[in-house]
Every structure is written in C-alpha cells, then in structure tokens.
Amino acid sequence: MDYFNIGLHHFHNVLRWAVLVAGVLAIYRAYTGVSGKRVWDAKDNKAGMWFVMFCHIQLLIGLILYFYLGQQSIFSNMAERMKNAETRYWGVEHLFGMVIAIALIQYGRIASKKAALDSTKHRKALIWFTIGLILILVNIPWPWKEIGRGLFPGM
C-alpha cells in the first residue's frame, strides 16, 4: 500500500465523523421543524446541504479506493471472493449499503427542497435523512464488528 492509498483511507475514516455530525444536525433541524411547526429557513437548507455534500465526498473517496486503488476487484473470480467474509463485506455489503444510503439522503434533500409547505419540507428531510443515516451507521466498519476498523486512523 502506498502513501496516497494510506492517506485516502485515513481521510475516508476521518470524514465519516463529518458525515455523522452533519447527519445528526440535519435530522435534529428537521425534527425540531416538524415538532415545533417551524418555518423552513436557510439553516435547515444548509444543514441538509452539508450532510449531502459530506456524503458525496465520502462516496467519491470510497469509489476511488474501491475502483482505482483496490488491490483486486470483487468481480474477478467472484465465486471465490464471495466465500470470504471480509472480501464480501468490502466488495459488496459496505459499497452497496453506502450507495443506497447516500441515494436516499440525496432523495430527501431533493424532496425537501421541492416541497411547497414548510411542514412537508421538514417531514421529508426527517424521514429520508434518518433512514439514510441508519443505513450508514449499519454499514460503517465499527471496531466491534467482525470486520471492523478503528474509530480513528491508526487505532
């Protein structure tokens, strides 16, 4: 593994925290908007924008790690690779789980921006951002999982 690959892995690991913080903030804003019947304002819009932006950066780095810097593709000798839990996790479960999560978060951003009523904007953001963040949390390789990584680089 070269330094560029290691650096991208570290950045990908650290950026997860930005995704999680932005996600919690966007969901909090949506929840307080729904529960408090608050007007959709610029802070709500920015919270969703930052969440989506960090997700997209994370996805881009992940795809670079997967397709450009990956040692061996899951698609070469797929039958053998699917038998190995670690290869299957990184090649299929993590990748597709995160892509689906980010697609749902992006949909929530679009749906909330297009909604006519403030209450609908908050409700759509709350629903889709929450579902997306739950999928992200499930697909993160937490240290306590069988195939896990440290909470921070080098751990």
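Ordering F152, F54 from the fewest to the most neighbouring beta carbons within 10 Å gives F152, F54. Here the calculated FRET efficiency for S119 and Y66, from their Cβ-Cβ distance with R0 = 30 Å, stands at 0.15, rounded to the nearest 0.05. One quarter of the convex hull surface built on the alpha carbon atoms of segment 9-155 amounts to 9.3 nm², the projected area averaged over directions.
Between E93 and L137, the modelled labels are 1.8 nm apart [label points 7 Å from Cα along Cα→Cβ].
From the helices alone, meaning DSSP H stretches of at least four residues, give me the mean residue ellipticity at 222 nm for the chain, per-run term -39500 (n - 2.57), in deg cm²/dmol to the nearest 500.
-23500 deg cm²/dmol
Excluding same-chain neighbours fewer than eight residues apart, the lysines reachable from K145 by a Cα-Cα span under 30 Å are K83. Listed by chain and number, the aspartates and glutamates placed with their C-alpha closer than 12 angstrom to that of K121 are D41, D44; residues fewer than eight positions away on the same chain are left out. In this simple spin-label model, placing a label point 7 Å from the Cα along the Cα-to-Cβ direction at both W17 and E146 gives a separation of 2.9 nm.
Listed values for segment 36-48 are Karplus-derived 3J(HN,Hα) couplings in whole Hz (6.51 cos²θ - 1.76 cosθ + 1.60, θ = phi - 60°), namely x, 6, 8, 5, 5, 10, 4, 5, 5, 4, 5, 4, x, and x replaces Gly and Pro.
A short reminder: the numbers here are calculations on the coordinates, not readings from a lab. The structure displayed is predicted, hence computed values, not measured ones. Cβ atoms come from the backbone with ideal geometry, glycine included; neighbour counts cover every protein chain shown.
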